[in-house]
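Below you'll find the structure, written out as structure tokens, and then a few comments.
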Amino acid sequence: MSTPQTDLDALVVGAGFAGLYAVHRLSRSGMGVRLYEAGDDVGGVWHWNRYPGARCDVESVDYSYSFSEELEQEFEWTERYAPQAEIQQYMRYVATKFDLWPLMEFNARVDAATYDDVADCWTVRLQDGRTSMARFLVLATGPLSIPLTPRIPGLEAFGGALYHTSRWPQEGVDFTGQRVAVIGTGSSGVQAIPVIAAQCRKLTVFQRTANYSIPAQNKRVSPEYLAEVKANYRARRELARQAKGGSPFRYRTDSALSVDEVDRVDAFEKAWERGGTHFTKAFPDIMVDSTVNQMAADFVRNKIRSIVRDPAVAEKLAPNDHPIGAKRLCADTDYYETFNRDNVSLVDLKEELIETVEPDGIRTSAALYGVDAIVLATGFDAMTGSFLAIDIRGSNGQSLRDTWQGGPRTYLGMCVAGFPNMFLISGPGSPSVLANMVRTAEQQVDWVGDLLNYARDRSVGRIEAQQESQDAWVEHVNQAAQGTMFLKANSWYLGANVPGKPRIFMPYAAGLPVYTEECDAVAAAGYRGFDLALPKPAAHSRGVGQRAN
Ligand code: FAD
């Protein structure tokens, strides 16, 4: 086997928040880095999800990088929860400020990656057939980047326009005068429905599962508020790192059962007014105690009944088949109010099933709904989809698809035994989608960056998670989810939205601070649980960060 013809230390895949930071962090520490991105711009989910109403549900001043104080001071967010375009504009700003564009290649989808056991490096193949080699592979391909399209007979023969929220046309869509169907009422549907309803002639919402949604209480942010945040950014970031969900808030710590009914309802009311996904943090036991969860859910159901004028519609919108928070909590602007509009109707797919899509509409077991456009807000093959979309072959040619056939297994959510020198960002077994994902991305990328520096300093050529450490981590991740409400819903956290996908609770539920401590302890113990091997002398003569020629 010849010496790899590459001067790259690391290949990064994906130009979302995680990949952008990875390329910055690794190049800054002197590594030769290249990033491949399937899309034609930076942004990740903020490039692809341009549907009307798309915005973050973690406050923008927190859903942003903390690695540069200068950046924190420079960028001006305009809303509490920034819209898609502003978040993507921020990411372009980051790419320009840190001179990352020359290190990135767009319209470059990676479709295979193969590890060479002799040379200790990865060869990555792009869809157009080109290949590239590097010692390390960082997959920042996103936990929510592979959209799901439901298998509905006739969908491909629909005569109108068909959209997926996660593949929205760059030029936007004008629904004026149209009859529109939205299928799906998860986070994306809940954000898009009010905006589409305000524009189109007639909107029909097809709901499979009623989800809990809390008003985001979005608003424009004042210069005074931004100035205050900027003056206290260090403390704010520190608080975020200490919070389970990665947002800088302290929540009450007493049980909902330790206070009387009046205080409890008052706490729920305050959480509702505060808005968004903070709601399930109103008490610490909402996610672990069924009685408390039921109380919180009842509060939200009563809110829905008080907002939606038609009692029959309100009952359909009130979730009754899973605990609040067990599926991703939605944050909206006027979602329930939208069902009071004359031009909006709700089809409950628990009462009538979609049978076919016909050229001019959607036929259910009860009626034909004529529509000009269909919007699929049908979610993602979450957490594993983007890794498994790549044909990844590790040591001895073993395939990741085969290795994960029974469900994903990782060490620390970042490494897989049998797949040396490969790092997953926001992978299964890490807090990922349960926390503020800019915080989790920074934490993981920093950890990987430190490990690669450590390897460089010791001329390590091969880093591989040990099987036993991985088994113990998988067990630990399973334990962390036990006793939580997360296991009581058919959610995408469990893979339940993808036919045939193994039912395994994928994220690590113990929270960001515990996870960070565990990762740091592994590092402090000389990367306990990893085999770190010197390069094979015959294969090549350079370590990490030392350029060939
Ligand atoms: P992504 O942003 O998904 O980026 C991955 C990139 O990798 C994509 O651009 C993709 O094209 C590219 N890619 C994938 N496979 C390949 C391949 N084989 N070859 C080349 N390129 C590839 N999280 C929060 O914490 N707060 C929020 O408010 C929030 N809001 C969200 C709103 C929406 C609509 C969605 C969909 C998700 C939201 N999330 C939110 C979760 C979101 O996934 C993360 O916040 C974060 O953006 C993930 O960043 P990432 O870089 O890991 O992945």
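The values are calculated or read from the model by the stated rules, or taken from the named source; none is laboratory data. Remember, predicted model here, so these are calculated numbers, not experimental data. Don't worry about glycine lacking a Cβ; one is built from the backbone with ideal geometry, like all the others, and counts go over all protein chains shown.
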Exercise for the section: Determine which single condition Asn549 fails, assuming it passes every other condition in (1) surrounded by 20 or more Cβ atoms within 10 Å (Cβ to Cβ); (2) modelled with pLDDT under 95. Expected result: (1)
Exercise for the section: Test Tyr65 against the stated conditions and say whether it is farther than 24 Å from Tyr225 by Cα and either away from the ligand (no atom under 11 Å from the Cβ) or outside any strand (DSSP E or B) (or both). Expected result: no
Handout entry: Conditions (1) near the ligand (Cβ under 9 Å from one of its atoms); (2) surrounded by 23 or more Cβ atoms within 10 Å (Cβ to Cβ): number failed by Gln84
Key = (2)
Fill in the blank from the handout: The condition from (1) among the polar types (S, T, N, Q); (2) part of a loop (DSSP other than H, G, I, E, B); (3) modelled with pLDDT of 95 or more that Ser27 misses is numbered (2)
Problem - Test for Arg109: is it farther than 17 Å from Ala15 by Cβ and either within 13 Å of the ligand (Cβ to nearest atom) or over 19 Å from the mean Cα position of the chain (by Cα) (or both) - result: no
Exercise for the section: Determine which single condition Leu239 fails, assuming it passes every other condition in (1) over 29 Å from Ser66 (Cα atoms); (2) touching a Pro at 6+ places or on another chain (Cβ under 9 Å). Expected result: (1)
Problem - When residues of the range 487-517 are limited to those that are closer than 24 Å to Ile152 by Cβ and among the basic types (Lys, Arg), the one surrounded by the most Cβ atoms within 10 Å (Cβ to Cβ) - result: Lys501
Exercise for the section: State whether the residues of the range 4-12 include one that is within 12 Å of the ligand (Cβ to nearest atom) and either at pLDDT 95 or above or closer than 28 Å to Asp332 by Cα (or both). Expected result: yes
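The rows are residues; the columns are (1) in contact with a strand residue (DSSP E or B) (Cβ under 6 Å, 6 or more places away or on another chain); (2) β-branched (Val, Ile, Thr); (3) within 19 Å of Ala318 (Cβ to Cβ).
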site	(1), (2), (3)
Leu155	yes, no, no
Gly159	no, no, no
Pro169	no, no, no
Ser187	yes, no, yes
Ala192	no, no, no
Ala197	yes, no, no
Arg208	no, no, yes
Fill in the blank from the handout: So the helices (runs of 4 or more DSSP H) completely within the range 276-394 holding 2 or more residues that are hydrophobic (A, V, I, L, M, F, W, C) are 290-307, 311-317, 385-388
Exercise for the section: Within the range 60-75, identify whether any single residue is farther than 19 Å from Ala235 by Cβ and in contact (Cβ under 8 Å) with a residue 40 or more places away in the chain, and answer yes or no. Expected result: no
Exercise for the section: May I ask you to say which residue of Leu103, Leu126 is touching a residue at least 24 places away in the same chain (Cβ under 8 Å), within 13 Å of the ligand (Cβ to nearest atom) and either within 30 Å of Gly461 (Cα to Cα) or surrounded by 15 or more Cβ atoms within 10 Å (Cβ to Cβ) (or both)? Expected result: Leu126
